[in-house]
1. Just how many % of Cα pairs in the chain lie over 41 Å apart, if you round to the nearest whole percent?
2. Taking Cα pairs under 8 Å and at least six residues apart, what relative contact order does region 6-132 come out at, in percent?
3. Per DSSP helix of 4 or more residues, -39500 (n - 2.57); summed, then divided by the residues of the chain. What does that give at 222 nm, rounded to the nearest 500?
4. Per-residue counts of other Cβ atoms within 10 Å, averaged by peptide: what ranking do you get for 267-274, 295-302, 112-119, highest first?
5. Percent relative contact order of region 76-169, based on C-alpha pairs within less than 8 angstrom and at least six residues apart?
6. Ignoring ligands, DNA and RNA, how do 1, 277 rank by accessible area with a 1.4 Å probe, largest first?
7. Rounded to the nearest 20 Debye, what is the dipole magnitude of the chain about its Cα centre when Lys and Arg each give +1 and Asp and Glu each give -1 at the C-beta?
8. Towards the positive end of the charge dipole of the chain, with charges on Cβ (+1 Lys, Arg; -1 Asp, Glu), say which of 3, 269, 354 has the farthest Cα.
Amino acid sequence: MRYTIPDYYRQFRCAAGQCEDTCCAGWQIQIDERSLGRYARLKGRAGRKLRRSIRWRQRIFRQKEGKRCVFLNQDNLCDMYTELGEKSLCRTCRLYPRHIEEFEGIREITLSLSCPVVARLLMNREEPAAFPACEKDGEEEYEEFDLLLYSALADAREVILDILQNRAVPAQAREQRMLALADEVEKNYLEGTLFSCQELFDAPGRAEAAGKPGGAGDNEARMGRRFCFMKKMFAFLDTLELLREDWKSCLDEARALLYSQADAGYAATCLEFGAWMKRYMPMWEIQSEQILVYFISVYFCGAVYDGRISAKAKLAAVSRMIIEEMLMARWIKNEKTLDTEDIVETVYRYAREVEHSDKNVNRLESLMEKVPSNLTSYVSGFVPPCTV
């Protein structure tokens, strides 16, 4: 079994009761089969209390007001952990914010951006992320696993990460190349010519033509397209499963600040915001890179199970754009200023609403299948520091 982890993995330390948020509220905590068995057998007062705290049919813990886990106390600490110890926790609680993707003979362990500590760790990191691997004894069987497709996806992901982390190339061009390469890999997959992907991996610039605007027009037209695209994206976000009530008010506020004006006013705001970010928050280009690398490293190879190769790359780009839009709205609200904590909070709140719901991830990827592959050059090239 081969394990991979990000090189910042061991830097993570749970903030527990000192965290500005909590991972024990806003979403249903699924209980694994083994833990359910232990809870059913636990004796005494603690066992009776625990069993009353579970919805056995749904295999989840009950929740109090505010969708808080029944064991989460007023100090944002877990009563089960305090009374019964760490070994009493179910697999979900024991692992979070660790996120595990499993493939044949491979287990990829990452840290979820939905955790404020992880978001802060990644958004304050200047070095490109790396993903070292190690081998451990043990095998598991996976049915109907397309090893050829996974091999192509793993190779493509490695090339994409190299593209995204090549800081000698402007950020927008890197994102365009990522989308173009993913699109070409998917075309080869659908045509049954996965072996041809090696030519793309040996010379990834060959796929760049697919990412060019192809008559996308001037800056003014591109701004208008971004206005329409992002307005529709925020409307779509409103239709997703809502995990935290305050997320809806956050979306409503961003919409009112950004899209209630005409597209010309939006374009002027974007240019002013981009110039401000380039001057006062130059780290945003690196932070954008880290966001893209995160989404590609975690989700891209999952296309081995659903074939959504290009959609997963586009979701990474659109996630970066949505976060950027929400930061622009906050910048307006804050009387045209931001700090790193604003970025950290925006990143983990977006990731939490998306990543903690399989339905949301699936619906977003389904939507991305309808989004043009030249997304970056088509709608987002005008905002500094991403302008080529």
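1. Roughly 16 percent, once rounded to a whole number.
2. In percent, rounded to a whole number, it is 33.
3. -17000 deg cm²/dmol
4. Ranked from most to least packed, the peptides come out as 112-119, 295-302, 267-274.
5. Once divided by the residue count of region 76-169, the mean separation gives 18 percent.
6. Putting 1, 277 in descending order of accessible area: 1, 277.
7. 1920
8. Farthest along the dipole direction, towards plus: 354.
The values are calculated or read from the model by the stated rules, or taken from the named source; none is laboratory data. Remember, predicted model here, so these are calculated numbers, not experimental data. Glycine gets a Cβ as well: all are built from the backbone with ideal geometry, and neighbour counts include every protein chain shown. Heads up: the accessible areas ignore ligands, DNA and RNA and are worked out on the full protein's heavy atoms, side chains in. Shrake-Rupley method; radii C 1.70, N 1.55, O 1.52, S 1.80 Å.
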